[in-house]
Amino acid sequence: MSAHTTESSGRIWRRPVPLIGDATSSAERDDDITGWAFDDATRAALDRVIGARRDIRRYRPDDVADELVRAVIGAGHGGPSVGQSQPWRFLVVRDRRTRERAALMADRERLRQAAGLTPDRRSRLLDLQLEGIREAPLGLVVACDRRTPASGVLGRNTFHDADLWSCAAAIENMWLTARAAGLGMGWVTLMRPAELAGLLHLPAGVETLGWLCLGWPDERPPLPGLERRAWSHKLPLDEVIMADRWPENAPRPPVSGLPGA
């Protein structure tokens, strides 16, 4: 804390420290540019949680306590949002009939998508368990409230979908928090957005980002499920990093299961 001494009185008048904002000084930040970092153990723990996150499809029937559900949602609410707009809205779905209807939507959409794939991909897709809507004791739906015009939200006037990105970031926070607590989470997008919105009685201008299954996992996969089933493989990091601009020898696009692709 800096201080000022008057010659006449010898008294020291200390400058007040703001109750909000950054209490560090420029000299402090200059002396130790890494001073904002967490300790090695915390960073290692974060790396472990990120590396152990999985899309869980098999769940035990045991209930999840309300305080745990709230902690997971709280992590989402603590996510970054464009213009501090906080466009996310969280629906906790425990009603079995609603979950069964959502599962039927996913069943129908999987059959629709499979019909357009190559024969090999089609048979493999139908053999995969891609969601656990029925098995998980509850569903979480993150809805994005887009009723405010983009031009009225700082940061959305140019990137109109930044509110959806904010909601996706909230989901990642929830996913990692669930994993750290030993819960399983699965992100399901195998349903028509308008159909899911109708099921949940969402008003016009509020859109879903799919369905999140949440519960105690009945599997503990060491690798992502689609990797274990040889559906796809994780790309090496160097293949997705570029310098300054898109190169002539551009990275290959994501793999497609469509005929002739």
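The values are calculated or read from the model by the stated rules, or taken from the named source; none is laboratory data. Model, not experiment: these values are computed from the prediction. Every residue, glycine among them, receives a Cβ derived from its backbone with ideal geometry; neighbour counts consider all protein chains shown. Each accessible area value is taken on the protein alone, full model and side chains, heavy atoms only, with ligands, DNA and RNA left out. Shrake-Rupley method; radii C 1.70, N 1.55, O 1.52, S 1.80 Å.
Open to solvent by 20 Å² or more (accessible area, probe 1.4 Å), part of a loop (DSSP other than H, G, I, E, B), hydroxyl-bearing (Ser, Thr, Tyr) and modelled with pLDDT under 95 - does that describe any residue in the range 101-122?
Yes, that holds for at least one residue.
In the range 110-135, which residues are of a type in the set (Val, Ile, Thr) and under 28 Å from Asp95 (Cα atoms)?
Correct list: Ile133 only.
Select from the range 74-85 the residues that are buried (at least 16 other Cβ atoms within 10 Å of the Cβ) and either in contact with a Lys or Arg (Cβ under 9 Å, 6 or more places away or on another chain) or in a loop (DSSP other than H, G, I, E, B) (or both) and list them in ascending order.
Hits for the range 74-85 are Gly79, Ser81, Val82, Gly83, Ser85.
Just one of Ala162, Ala168 is farther than 25 Å from Glu109 by Cα and either of a type in the set (Gly, Ala, Ser) or surrounded by 16 or more Cβ atoms within 10 Å (Cβ to Cβ) (or both); which is it?
Ala162
Would you say Val206 is β-branched (Val, Ile, Thr), modelled with pLDDT under 95 and surrounded by 10 or more Cβ atoms within 10 Å (Cβ to Cβ)?
no
Within the bounds of the range 176-196, is there any residue that is open to solvent by 40 Å² or more (accessible area, probe 1.4 Å), of a type in the set (Phe, Trp, Tyr) and within 23 Å of the chain's Cα centre (by Cα)?
Among the residues of the range 176-196, at least one is open to solvent by 40 Å² or more (accessible area, probe 1.4 Å), of a type in the set (Phe, Trp, Tyr) and within 23 Å of the chain's Cα centre (by Cα), which makes the answer yes.
Restricting the range 46-67 to residues that are open to solvent by 50 Å² or more (accessible area, probe 1.4 Å) and among the hydrophobic types (A, V, I, L, M, F, W, C), which is farthest from Leu164 (Cα to Cα)?
Leu46
Please state which of the following conditions Pro16 fails to meet, knowing it meets all the rest: (1) at pLDDT 95 or above; (2) not in a helix (DSSP H, G or I).
So Pro16 meets the others, but not (1).
Given the condition of a type in the set (Lys, Arg) and under 18 Å from Glu131 (Cβ atoms), answer yes or no: does some residue in the range 236-253 qualify?
The answer is no, given that none of the residues of the range 236-253 is of a type in the set (Lys, Arg) and under 18 Å from Glu131 (Cβ atoms).
Taking the stated definitions as given, is Pro254 farther than 23 Å from Ala180 by Cβ, surrounded by fewer than 10 Cβ atoms within 10 Å (Cβ to Cβ) and under 24 Å from the mean Cα position of the chain (by Cα)?
Answer is yes for this residue.
So is Asp120 within 24 Å of Leu214 (Cα to Cα) and among the acidic types (Asp, Glu) or not?
Taking the combined requirement at face value, the residue does not satisfy it.
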